[in-house]
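Undergrad: Here you go, one structure.
The values are calculated or read from the model by the stated rules, or taken from the named source; none is laboratory data. Everything numeric here is computed off the predicted structure, so don't read it as measured data. Positions of Cβ are backbone-derived with ideal geometry, glycine not excepted, and every protein chain shown enters the neighbour counts.
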Amino acid sequence: MIVLLYVIALLITGVASGIIGSLSGLGGGIIVIPILTLLFGVPLEYAAGASLLSVIATSSGAASAYVKDKLVNLKIGMSLEIATTMGAIAGALIAVFLYSKSLQAIIFIVFGLVLLLSIYPVRKSFTLKNDSHTKQDSTTKKFQLSGKYYDKAKKKVIKYSGSRWWLGESVMGIAGIISGLLGVGSGVLKVIGLESAMRLPVKIATPTSDFMIGVTAAVGSAIYWEFGYIQPFILAPIVMGILFGSYFGSKILERTSSLRLREFFLFILIIVGIEMVFRGLGVA
Amino acid sequence: MEFERTIAMMLRIGTILSAALLAIGILLLIANNGGGGSSLDQIINLAPQVNSASFSLANIFGGISGFDGISFIFLGFIVLIAIPISRVLLSIFMFLYQKNWLYVVITAIVFINLIVAILLIPSMIAGYG
């Protein structure tokens, strides 16, 4: 009954990942890939393929609630997706090339570095008082970056405007490359890009990012699929677990202290980041 | 907003359908002790022979009627990938309806990128293979 144990272990991994992903916004990839590679010993390329599909699952699960509340800014998300999808194609092709030359150590190291490097921006975003989201520039009108939403907490309609579209596009291009290269959703980078670069309110940035990571991951998945990096047995229980986990995660989200959560995940980021770098260097 | 409700519904249906197909696939794999012409041991192997390159799309539809576990799982994945793609496609129609030509073009570009990734790249690679 080893099979059953395997399935259950993978299912639990998926559920945990889905819950953590929807609670923290860190996304499935950051959790799934290290667990699969470091704990289960799965080769990196299959873990990455699994992760990409997981990102779609997390994105679709969480996003359906947001769309109804009009919290996803479809125009901003879609226009930025031009850069992310192109980046993802490039990143995925680079990854495929590296895998074919057995150079996945490079990807491990890049993965670890990205995790460690994102600690500073994530830490900063906890205390960021983002009040500047009514600032407009020439790109605001051109790309129709304004919108409004109903804030349930404040009980009023909030108007906002995005700006610096070109900067946002550049950040998203990088996010796309990272997504394709590492097999992650780059949700963290996207939220930072939306909040800081484009000066959007948090409540719009997070759902919009959730929408975007799904599209980006679809691009990566397609390419990984073609090269055979989608393994059915590992993936199926994990994706199922995530679909459930992210659903429940968003349910309990309201009742948890977000600061405590984020501190916890910063901690995880550090540990996992170091482990991945070590793995790439051949130490772990 | 007609479109947004359609999109939300599509998301819901898509994720449930995908999960269901995956569940059926796993159960079938266990029940039949394998699928797609390989035994369960071969499939479980973490660095597997059985993966998405070795399993062509044509096999999948034949496999469904044969209650083949792997086929169900792959179909579940296909549905999953189709979800964001459908989302983009529906958005094109929404912008068309709103006569928002700028965003019709923008969304079309994103859609083309998706198609490029799915169709063009593989056939380019096949040319080298």
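Undergrad: Among the residues of the stretch A:226-240, count how many are under 13 Å from A:S51 (Cβ atoms) and assigned to a helix (DSSP H, G or I).
TA: Restricting attention to the stretch A:226-240, the residues satisfying the condition of being under 13 Å from A:S51 (Cβ atoms) are A:229-231, A:234-235, A:238-239.
Checking which are assigned to a helix (DSSP H, G or I) leaves us with A:234-235, A:238-239.
Number of matching residues: 4.
Per-residue answers, yes or no, for (1) surrounded by fewer than 24 Cβ atoms within 10 Å (Cβ to Cβ); (2) under 18 Å from A:G77 (Cα atoms); (3) within 10 Å of chain B (Cβ to nearest Cβ); (4) in contact (Cβ under 8 Å) with a residue 40 or more places away in the chain:
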residue: A:Q136; (1), (2), (3), (4): yes, yes, no, no
residue: A:R164; (1), (2), (3), (4): yes, yes, no, no
residue: A:I177; (1), (2), (3), (4): yes, yes, no, yes
residue: A:G220; (1), (2), (3), (4): no, yes, yes, yes
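Undergrad: Answer yes or no: is there a residue in the stretch A:231-243 that is away from every other protein chain (no Cβ under 14 Å) and modelled with pLDDT under 80.
TA: First pass over the stretch A:231-243, keeping only residues away from every other protein chain (no Cβ under 14 Å): none.
Scanning the stretch A:231-243 turns up no residue that is away from every other protein chain (no Cβ under 14 Å) and modelled with pLDDT under 80.
Residue-wise test of (1) crowded, with 24+ Cβ neighbours inside 10 Å; (2) acidic (D, E); (3) closer than 22 Å to A:A16 by Cα.
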{"residue": "A:K190", "(1), (2), (3)": "yes, no, no"}
{"residue": "A:G193", "(1), (2), (3)": "yes, no, no"}
{"residue": "A:A205", "(1), (2), (3)": "yes, no, no"}
{"residue": "A:G228", "(1), (2), (3)": "no, no, no"}
{"residue": "A:I234", "(1), (2), (3)": "yes, no, yes"}
{"residue": "A:S246", "(1), (2), (3)": "yes, no, yes"}
